[in-house]
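K.L.:
Below is the structure I would like to discuss, written out as structure tokens.
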Amino acid sequence: MTKNVKLSPSILSADFAKLGEEIKKVENVADYIHLDVMDGHFVPNITYGLIIGESLKRVTEIPVDSHLMVERPEIFVDDFCKISEIVSIHYEATYHLNRLVNRIKENETKAFVAINPHTPVEFLQDIIMDVDGILVMSVNPGFGGQSFIPNTLNKIRKLDEMRKSMGLSFEIEVDGGINEDTFKPVLKAGADILVTGSYAFRSENPEAALSVLKKGS
Ligand code: DX5
Ligand code: ZN
């Protein structure tokens with residue numbers, strides 16, 4: 001496999017009492033640190049916000065990949081752009097996607113649009129030329145440790161076809177249920193960035209676990 005896969009371990013499954021130590025465990029193999037921001041409205045769970053993102057910046061040079069699972073993301077994007085290389089906003093969470101994508105890019109941050117498992121990739125046809133990436137949710141957002149939804153593979157394939165046929169180069173990030181059993185078909189379908197929460201941080205040796213994925217299929 002020649003594809004250069006990027007890994008974005010999610011601290012959602014890390015031990016928050018020792019976050020600095022947890023980050024060190026993945027630092028040699030992580031391309032990003034994935035920050036799952038949940039507001040208890042867009043998803044039925046609450047996690048953390050900007051303060052944790054700022055703490056991350058103090059303990060690692062690895063760029064932050066912020067995934068905003070919040071209602072009204074327009075309230076938060078400017079602040080998250082200050083600490084992130086990527087900011088993902090959900091298609092389902094805003095009435096003004098184009099406006100918000102432009103605002104993220106004006107902040108010199110990569111603008112990704114995330115879609116829930118039920119949202120067809122065809123709905124992205126008029127935004128994909130403006131984004132740096134699409135984050136395909138392969139579980140229902142809100143919790144770590146869920147099982148990969150197999151139909152997601154069709155969505156990744158379709159998105160890859162749309163990318164090729166339109167001559168675009170946005171990245172495809174896949175989030176949810178990624179582990180050593182699921183990652184190969186995901187890469188084959190066209191994914192460029194893999195998010196891994198429980199697989200990375202709940203394994204005995206996070207660096208070794210992530211290295212398996214880094215080698216590709
Ligand atoms: C789920 C989050 C994911 C989560 C993935 O809502 O967006 O990033 O951390 O966790 P795993 O890899 O355990 O499915
Ligand atoms: Zn996520």
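K.L.:
Which one of G53, G40 is surrounded by fewer than 16 Cβ atoms within 10 Å (Cβ to Cβ), small (G, A, S) and within 15 Å of ligand 1 (Cβ to nearest atom)? Step through it out loud before you land on a result.
P.N.:
Working: G53 fails: surrounded by fewer than 16 Cβ atoms within 10 Å (Cβ to Cβ).
From the options G53, G40, the qualifying one is G40.
K.L.:
Suppose the filter is away from ligand 2 (no atom under 13 Å from the Cβ), surrounded by fewer than 16 Cβ atoms within 10 Å (Cβ to Cβ) and under 19 Å from Y32 (Cα atoms); does E122 pass it?
P.N.:
no
K.L.:
Another one. Filter region 109-125 down to the residues that are in contact with a helix residue (DSSP H, G or I) (Cβ under 8 Å, 6 or more places away or on another chain) and part of a loop (DSSP other than H, G, I, E, B) and list them by number.
P.N.:
From region 109-125, those in contact with a helix residue (DSSP H, G or I) (Cβ under 8 Å, 6 or more places away or on another chain) are 109-111, 113-117, 119-125; that's our starting set.
The answer is T109, N116, P117, T119, P120, Q125.
K.L.:
With the requirement that a residue be over 28 Å from R202 (Cβ atoms) and in contact with a helix residue (DSSP H, G or I) (Cβ under 8 Å, 6 or more places away or on another chain), what does region 127-146 give you? Before the answer, list the steps.
P.N.:
Step one: list which residues in region 127-146 are over 28 Å from R202 (Cβ atoms), which gives 127-132.
Of everything in region 127-146, those that are over 28 Å from R202 (Cβ atoms) and in contact with a helix residue (DSSP H, G or I) (Cβ under 8 Å, 6 or more places away or on another chain) turn out to be I127, I128, D130, V131, D132.
K.L.:
Considering only region 126-159, state which residues are more than 21 Å from T196 (Cα to Cα) and either crowded, with 18+ Cβ neighbours inside 10 Å or touching a strand residue (DSSP E or B) at 6+ places or on another chain (Cβ under 9 Å) (or both).
P.N.:
Within region 126-159, I127, I128, D130, V131 qualify.
K.L.:
Name the one entry in L35, L12, L7, L50 that is farther than 19 Å from V77 by Cβ, aliphatic (A, V, I, L, M), at pLDDT 95 or above and touching a helix residue (DSSP H, G or I) at 6+ places or on another chain (Cβ under 7 Å). Spell out how you get there, then give the answer.
P.N.:
On the way: L35 fails: farther than 19 Å from V77 by Cβ; L12 fails: touching a helix residue (DSSP H, G or I) at 6+ places or on another chain (Cβ under 7 Å); L50 fails: farther than 19 Å from V77 by Cβ.
Answer to the selection: L7.
K.L.:
OK, next. Among the listed residues I134, I127, I104, which satisfies the condition of being within 16 Å of ligand 2 (Cβ to nearest atom), of a type outside the set (D, E) and at pLDDT 95 or above? Spell out the reasoning first.
P.N.:
Numbers: I127 fails: within 16 Å of ligand 2 (Cβ to nearest atom); I104 fails: within 16 Å of ligand 2 (Cβ to nearest atom).
Selected residue: I134, the only one of I134, I127, I104 that is within 16 Å of ligand 2 (Cβ to nearest atom), of a type outside the set (D, E) and at pLDDT 95 or above.
K.L.:
Next question. Going by the conditions given, is F16 closer than 24 Å to V139 by Cα, within 14 Å of ligand 1 (Cβ to nearest atom) and exposed (fewer than 14 other Cβ atoms within 10 Å of the Cβ)? Step through it out loud before you land on a result.
P.N.:
Numbers: closer than 24 Å to V139 by Cα: yes; within 14 Å of ligand 1 (Cβ to nearest atom): yes; exposed (fewer than 14 other Cβ atoms within 10 Å of the Cβ): yes.
Answer is yes for this residue.
K.L.:
Identify the single condition in (1) touching a residue at least 40 places away in the same chain (Cβ under 8 Å); (2) assigned to a helix (DSSP H, G or I); (3) in contact with a helix residue (DSSP H, G or I) (Cβ under 6 Å, 6 or more places away or on another chain) that F42 does not satisfy, given that it satisfies every other one.
P.N.:
The single condition F42 does not satisfy is (2).
K.L.:
I need the full set of residues from region 93-108 which are assigned to a loop (DSSP other than H, G, I, E, B) and touching a residue at least 12 places away in the same chain (Cβ under 8 Å), in order please.
P.N.:
Kept after step one, since they are assigned to a loop (DSSP other than H, G, I, E, B), are these residues of region 93-108: 94-96, 107-108.
Selection gives T94, H96, N107, E108.
K.L.:
Using the structure shown, decide if K82 is on the phi < 0 side of the Ramachandran plot and surrounded by 19 or more Cβ atoms within 10 Å (Cβ to Cβ). Working first, answer last.
P.N.:
Values: on the phi < 0 side of the Ramachandran plot: yes; surrounded by 19 or more Cβ atoms within 10 Å (Cβ to Cβ): no.
It is false that K82 is on the phi < 0 side of the Ramachandran plot and surrounded by 19 or more Cβ atoms within 10 Å (Cβ to Cβ).
K.L.:
Answer yes if at least one residue in region 177-191 is at pLDDT 95 or above, away from ligand 1 (no atom under 13 Å from the Cβ) and of a type in the set (S, T, Y), and no otherwise.
P.N.:
Of all residues in region 177-191, those at pLDDT 95 or above come to 177-191.
Remaining after also requiring away from ligand 1 (no atom under 13 Å from the Cβ): 184-185, 187-191.
With the extra rule that they be of a type in the set (S, T, Y), the set shrinks to none.
Within region 177-191, none of the residues are at pLDDT 95 or above, away from ligand 1 (no atom under 13 Å from the Cβ) and of a type in the set (S, T, Y).
K.L.:
Restricting to region 72-92, count the residues that are assigned to a loop (DSSP other than H, G, I, E, B) and either among the small types (G, A, S) or more than 16 Å from ligand 2 (Cβ to nearest atom) (or both). I'd like the intermediate steps shown before the answer.
P.N.:
Residues of region 72-92 assigned to a loop (DSSP other than H, G, I, E, B): 72, 76, 84-85.
With either among the small types (G, A, S) or more than 16 Å from ligand 2 (Cβ to nearest atom) (or both) added as a condition, the list becomes 72, 84.
Of the residues in region 72-92, 2 are assigned to a loop (DSSP other than H, G, I, E, B) and either among the small types (G, A, S) or more than 16 Å from ligand 2 (Cβ to nearest atom) (or both).
The values are calculated or read from the model by the stated rules, or taken from the named source; none is laboratory data. All figures in this text were calculated on a predicted structure; none of them were measured in a lab. Positions of Cβ are generated from backbone atoms using ideal geometry, with glycine treated the same way; all protein chains shown enter the neighbour counts.
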